[in-house]
1. If a residue has to be within 11 Å of the ligand (Cβ to nearest atom) and among the acidic types (Asp, Glu) to count, how many in the stretch 306-327 make the cut?
2. Could you list, ordered by first residue, the pairs with Cβ atoms under 9 Å in which the first is in the stretch 45-58 and closer than 18 Å to residue 120 by Cα and the second is assigned to a helix (DSSP H, G or I) and of a type in the set (Gly, Ala, Ser), at least 6 apart or interchain?
3. Can you pull out the residues in the stretch 100-111 that are in a helix (DSSP H, G or I) and either among the polar types (S, T, N, Q) or buried (at least 16 other Cβ atoms within 10 Å of the Cβ) (or both)?
4. Tell me, which helices (runs of 4 or more DSSP H) lie completely within the stretch 11-99 with 1 or more residues that are within 16 Å of the ligand (Cβ to nearest atom)?
5. Got a sec? Which helices (runs of 4 or more DSSP H) wholly within the stretch 136-188 have at least 2 residues that are at pLDDT below 85 and either aromatic (Phe, Trp, Tyr) or over 30 Å from residue 351 (Cβ atoms) (or both)?
6. Within the stretch 265-359, considering only helices (runs of 4 or more DSSP H) that don't extend past its boundaries, which have at least 1 residues that are within 19 Å of residue 246 (Cα to Cα) and open to solvent by 40 Å² or more (accessible area, probe 1.4 Å)?
7. Tell me yes or no: at least one residue of the stretch 262-275 is farther than 23 Å from residue 230 by Cα, within 14 Å of the ligand (Cβ to nearest atom) and either of a type in the set (Lys, Arg) or in contact (Cβ under 8 Å) with a residue 60 or more places away in the chain (or both).
8. Please go through (1) over 20 Å from the mean Cα position of the chain (by Cα); (2) closer than 30 Å to residue 66 by Cβ for residue 164 and return the number of the only condition it doesn't satisfy.
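The values are calculated or read from the model by the stated rules, or taken from the named source; none is laboratory data. Everything numeric here is computed off the predicted structure, so don't read it as measured data. Note: ideal-geometry Cβ built from the backbone for every residue, glycine included; neighbour counts use all protein chains shown. These accessible areas exclude ligands, DNA and RNA; they are computed on the full protein's heavy atoms, side chains included. Shrake-Rupley method; radii C 1.70, N 1.55, O 1.52, S 1.80 Å.
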Amino acid sequence: MNKEKQPLCYGGYLKLPILLDTQVPESGKHGHEAHDEMLFIITHQAYELWFKQILHELCSILALFSALPLDEKKLHTISARLQRIIKIQHVINQQISILETMTPLDFLDFRDYLIPASGFQSIQFREIELRLGLSHHLSSCTYGRFTDDDKAYLEKVAEQVSLFELLDAWLARTPFLEFQDFSFWDSYGAAVKTMLDNDANIIGNNPLLNASERNQQLQDLEMTRQSFNCLFDESLYQQYKQDGHFKFTHNATLAALFIQLYRDEPLLQLPFKVLNQLMDIDAQLTTWRSNHYLMVQRMLGTKIGTGGSSGHEYLKSTINSKRIYADLFNLSTYLIPRSKLPKLPESLIHSLGFYQERY
Ligand code: HEM
């Protein structure tokens, strides 16, 4: 062992002297140190540290998911790391409530010193969005606020494959949709038709409905039928996709639906878990946007943001427009009761199971 080498110590390992020297309130520089600015800085720094960890997990997931063919054993690691991201999101979503112990008046003690800096410019937050699969959001409005280096970095990230794209390609490669002489979609289409015809009968014979209510319900049912038709008619699906109703490719949507419907089959349990985890990540991100929006409204009312946006109104618009995995949520439209699901042929059920050799 090298005699010169000092034994590792806690503060040295964690670089605490550097880390704990990075909280520098702007208000202090102007001679009016605002007590709450320390909380504001530390909260943001804690977020950025967790963002770094999320990116660490996300980049490793992207590397594992990029392998062709995907090693099924790696799917467990991918799922475990997705779960870690979800847990971190739970923690950072809670952190907003700590910052909310600062009142709007306390915030005003230092807010103006922050102009034109803004959370808008969080490169790590944008990178997380891009790597998860949010596209086309580097609009000129947002873009103007980054330095040229940051812009160049984000453009490079945007060119790389995202988790959404890898998921889409993986789903689209899913076997089992056509199996020997069994076409799942023919059987499923017939089951859907029976279900919807049955609904039409119920509406037609419901004595509690007047003529106009019955008409309305039948029209709604027709819309549902149209929506199901997207699954069976690829060109109709493409039209809906162009109108923004879907982000997945047609094959990926079909595969995701198959996984949802038959998730009890052993081979589909892990893919089902991964799909659910991606929905959790999307839900947590949406929860963050919503909580952040409410906090900003509480702090600023209708004032504009320090980054120059319309403030809470801008943030409100992002809650729905920046969903990444909404397609997975919308799949519920196409679920049919287990009792009405087509029974899979024995040979296919066997292929979807795990079997031990008997001795
Ligand atoms: C008093 C607390 C806060 C206020 C008043 C506030 C205010 C705002 C406002 C007004 C915007 C819109 C852009 C602008 O015009 O500046 C924004 C964006 C943003 N803020 Fe905050 N914020 C606060 C806390 C936080 C915290 C703790 C984080 C954690 C990292 C954060 C991260 C972000 C991010 C990432 C954006 C960009 C969102 C997007 O474009 O979708 N903010 N914030």
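1. Our first condition is that a residue be within 11 Å of the ligand (Cβ to nearest atom); within the stretch 306-327, this holds for 306-319, 321-322.
If we keep only those that are among the acidic types (Asp, Glu) as well, we get 313.
Number satisfying all stated conditions: 1.
2. That search, which allows pairs on different chains as well, returns 47/119.
3. Restricting attention to the stretch 100-111, the residues satisfying the condition of being in a helix (DSSP H, G or I) are 104-108, 111.
Those that are in a helix (DSSP H, G or I) and either among the polar types (S, T, N, Q) or buried (at least 16 other Cβ atoms within 10 Å of the Cβ) (or both): 106, 107, 111.
4. Details: elements: 16-19, 26-29, 37-65, 72-99.
By residue number, 26-29, 37-65, 72-99.
5. On the way: elements: 140-143, 148-159, 163-172.
Helices (runs of 4 or more DSSP H) meeting the threshold: 140-143.
6. Values: elements: 266-300, 312-321, 326-330, 346-351.
The qualifying helices (runs of 4 or more DSSP H) are 266-300, 312-321, 326-330.
7. Start the filter on the stretch 262-275 by keeping residues that are farther than 23 Å from residue 230 by Cα, which leaves 264-271, 273-274.
From what's left, within 14 Å of the ligand (Cβ to nearest atom): none.
No, every residue in the stretch 262-275 fails to be farther than 23 Å from residue 230 by Cα, within 14 Å of the ligand (Cβ to nearest atom) and either of a type in the set (Lys, Arg) or in contact (Cβ under 8 Å) with a residue 60 or more places away in the chain (or both).
8. (1)
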